[in-house]
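Here is the structure we will look at.
The values are calculated or read from the model by the stated rules, or taken from the named source; none is laboratory data. Note that this is a predicted model, so its numbers are computed, not measured. All Cβ positions, glycine included, derive from the backbone under ideal geometry; neighbour counts span all protein chains shown.
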Amino acid sequence: MSQTRLLALVGSLRAGSINRQLAEAAAQTAPEGVEIVLASGLGDIPFYNEDIDVEGDVPAAATALREAVAAADGLLVFVPEYNGSIPAVLKNAIDWASRPYGAGPIKGKPAAVVSASISQNAAKWAHGDTVKVLGVAGASVVESAHLHFGTIGQRFGEAHPRDDAEALTELAATVHELVEAVKASVNA
């Protein structure tokens, strides 16, 4: 495997989202031979509905997501916590990537979850829900690659995570674990 491509799915649509900043910082930590691409257009995808998931007539934004997931070797999922659970935009993206059921592009794809919130809980409820949803959707969840960031408003309120050496080290370790899982899945 010469180049490993990871797709980062960010569960916050806000331009200044710290979860988005963490995804950008993770991309910065990618070693040679690893590319991390941030998925775009998640907010443009309609809510999953089998009535509009019709071959040849799938919404363009959903098709683009499916193609991006299919082109990726692994998924790096960044999840904030909204009312104690997974944001709708992220759940919707996973739903679209899981279809057609049992054969969607997410099937067997190694995935790692990074959770971050303003609370000390570090979005662990949303993290757990995301792990569950990814597993049910068919992804291969890499538990050793999970990462949690709490009190992000205080920690990253004044500076981007790319300026936090400890955060970069933790993100690099997560990326490393995910890449190792990707390599193991290719060699299996």
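Couple of notes before you dig in:
- Total residues in the range 100-136, condition of a type outside the set (D, E) and part of a helix (DSSP H, G or I): 12
- Qualifying positions in the range 132-174 - free of Cβ contacts under 8 Å to residues at least 60 places away in the same chain, among the aliphatic types (A, V, I, L, M) and surrounded by fewer than 17 Cβ atoms within 10 Å (Cβ to Cβ): V136, A159, A165, A173
- Taking the range 137-178 as the range and being assigned to a helix (DSSP H, G or I), hydrophobic (A, V, I, L, M, F, W, C) and in contact with a helix residue (DSSP H, G or I) (Cβ under 9 Å, 6 or more places away or on another chain) as the test, the residues that pass are A137, A145, I152, F156, A167, L168, L171, A172, A173, V175, L178.
- Filter result (in contact (Cβ under 8 Å) with a residue 60 or more places away in the chain, among the hydrophobic types (A, V, I, L, M, F, W, C) and loosely packed, with under 13 Cβ neighbours inside 10 Å) within the range 18-73: A71
- Set side by side, the residues A62, A27, A72, A68 differ, and just one is farther than 18 Å from V131 by Cα and touching a Pro at 6+ places or on another chain (Cβ under 8 Å), which is A62.
- A15 being of a type outside the set (S, T, N, Q) and touching a residue at least 40 places away in the same chain (Cβ under 8 Å): no
- Being under 21 Å from S185 (Cα atoms), modelled with pLDDT under 95 and not hydrophobic (A, V, I, L, M, F, W, C) is a description that does not apply to G150.
- Scanning the range 88-104 for any residue that is more than 13 Å from L9 (Cβ to Cβ), at pLDDT below 95, in contact with a Ser or Thr (Cβ under 8 Å, 6 or more places away or on another chain) and not polar (S, T, N, Q) turns up nothing.
- Residues that are crowded, with 16+ Cβ neighbours inside 10 Å and aromatic (F, W, Y), drawn from the range 79-131: Y82, W96, W125
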